[in-house]
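I have placed the structure first, in the form of C-alpha cells, so that the comments after it can refer back to it.
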Amino acid sequence: MEALKIAVCDDQEEEQKRLKEILRKIQAPPVTAVFFSRGEDLLEKFSANTYDLILMDIYMEGINGIDAVAKIREKDPGVPVAFITSSLDFALDSYRLSAIGYIEKPYEPEEIEKILNLARTLKINTPSLYAQKNHETIRVPFRDIQYLEQQRHQVSIVCSDGRSVLVYGKIADMMLQLDDDLFCRTHKSFCVNMDFIRSVNPELRCLVMKNGTNVPVRREIYPKVRKRYENHLFSKARKNPSEPQ
C-alpha cells in the first residue's frame, strides 16, 4: 500500500511530539509526514501535487492557518486539508476553504486515523496520471492537467497552476492512463484536457487554452477534434446546466 504523504503545520512542540507518536503507531494507511512550525515555512516549500493531506493548525504566530490554506488553494485547489485547533471559532472559515475535517486538540488517535482514512479514500478515488520524474513515480490528478506536450524523450505536463512538470515517457503511452472523455490527442506532440480549452481558432487551426497557449491540431483530424470538443461542452452543459461554459 502506497504511503500517504502529509504535511503537518503546528507551532506547539509538545503537540507535534504527540502527533508523531500517534502516526508511528497507526498501521494503515502508512504515512510519510513532514512537520512545519510556521505557516510561512510550509508556504515556502509547498508545491502542487506534493501532499495527499495537510493538517493545518489555525492559531499560530505569523500567518494563521486559515490565511495559509487560502494561499495553498491558489497553487493546489484540490489538496485535502484538515484544520487543527483548540477552538471552533473558525469552523465556518475552514469549511469555506473546503476542509475535509476539523480536529480539536489534544490529538486523539481515533480522530487522526479517521482523517487519514478519508484522505486515503480521496486519493484512491481521484483519477490521476502516474509518471516517472527523477527516478520517482509522481501522481498528477487529471483535474490539474491542462495539456501534455512531447519534448523529445520527455513529456511536459502543463498544470492548472502554471507549473510545467517534465517527466520521462511518451504521450502515446500516457494516453492509456487518461480518460478518453476528458483528454483529446490533437497532434503527435500534444494532448489536451478539454476542460481547459477556452476557444477554437479555425484560422490558425488550433485550440486556445485557458492559459493563452495555442495548441496545434493536425489538419486531417481538425474536424474530428472540433466535434469532440463540441460534444464535450454539450455533455458538461447537460450535467451542470447552471454552470457557465
Does N193 qualify as being of a type outside the set (A, V, I, L, M, F, W, C), out of contact with any Phe, Trp or Tyr (no Cβ under 8 Å at 6 or more places or on another chain) and outside the structural domain of P77 (by TED's automatic domain parsing)? no
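Quick one: would you say K210 is surrounded by 12 or more Cβ atoms within 10 Å (Cβ to Cβ) and basic (K, R)? Break it down into steps so the answer makes sense when it comes.
Working: surrounded by 12 or more Cβ atoms within 10 Å (Cβ to Cβ): yes; basic (K, R): yes.
Taking the combined requirement at face value, the residue satisfies it.
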Any residue at all in region 138-145 that's part of a helix (DSSP H, G or I) and either among the small types (G, A, S) or buried (at least 19 other Cβ atoms within 10 Å of the Cβ) (or both)? yes
Given the criteria in a strand (DSSP E or B) and either modelled with pLDDT under 90 or β-branched (V, I, T) (or both), does Y95 qualify? no
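Which of the residues spanning region 2-28 are of a type outside the set (D, E) and within 20 Å of the chain's Cα centre (by Cα)?
Within region 2-28, A3, L4, K5, I6, A7, V8, C9 meet the criteria.
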Of the conditions (1) among the hydroxyl-bearing types (S, T, Y); (2) touching a residue at least 40 places away in the same chain (Cβ under 8 Å); (3) part of a helix (DSSP H, G or I), T121 clears all except one; give me its number. (2)
Before we move on, is R238 in a helix (DSSP H, G or I), touching a Cys at 6+ places or on another chain (Cβ under 6 Å) and either over 30 Å from I72 (Cβ atoms) or not assigned by TED's automatic domain parsing to the domain that holds E74 (or both)? no
Could you give me the residue pairs with C-beta distances under 8 Å whose first residue belongs to region 65-87 and is closer than 20 Å to L19 by Cα and part of a helix (DSSP H, G or I), whose second residue is at pLDDT 90 or above and polar (S, T, N, Q) wherever it lies, and which are 6+ apart or on separate chains? none
Among what's in region 47-77 and is closer than 29 Å to P30 by Cβ and acidic (D, E), pick the residue that is surrounded by the most Cβ atoms within 10 Å (Cβ to Cβ). D57
Those residues of region 125-146 which are without any contact (Cβ under 8 Å) to a residue 12 or more places away in the chain and under 13 Å from the mean Cα position of the chain (by Cα) amount to N125
Residues in region 1-58 that are out of contact with any Cys (no Cβ under 7 Å at 6 or more places or on another chain) and either over 25 Å from S128 (Cα atoms) or outside any strand (DSSP E or B) (or both): how many? 40
In region 162-172, is there at least one residue being closer than 22 Å to S47 by Cβ, surrounded by fewer than 17 Cβ atoms within 10 Å (Cβ to Cβ) and aliphatic (A, V, I, L, M)? yes
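The values are calculated or read from the model by the stated rules, or taken from the named source; none is laboratory data. The structure displayed is predicted, hence computed values, not measured ones. Glycine gets a Cβ as well: all are built from the backbone with ideal geometry, and neighbour counts include every protein chain shown.
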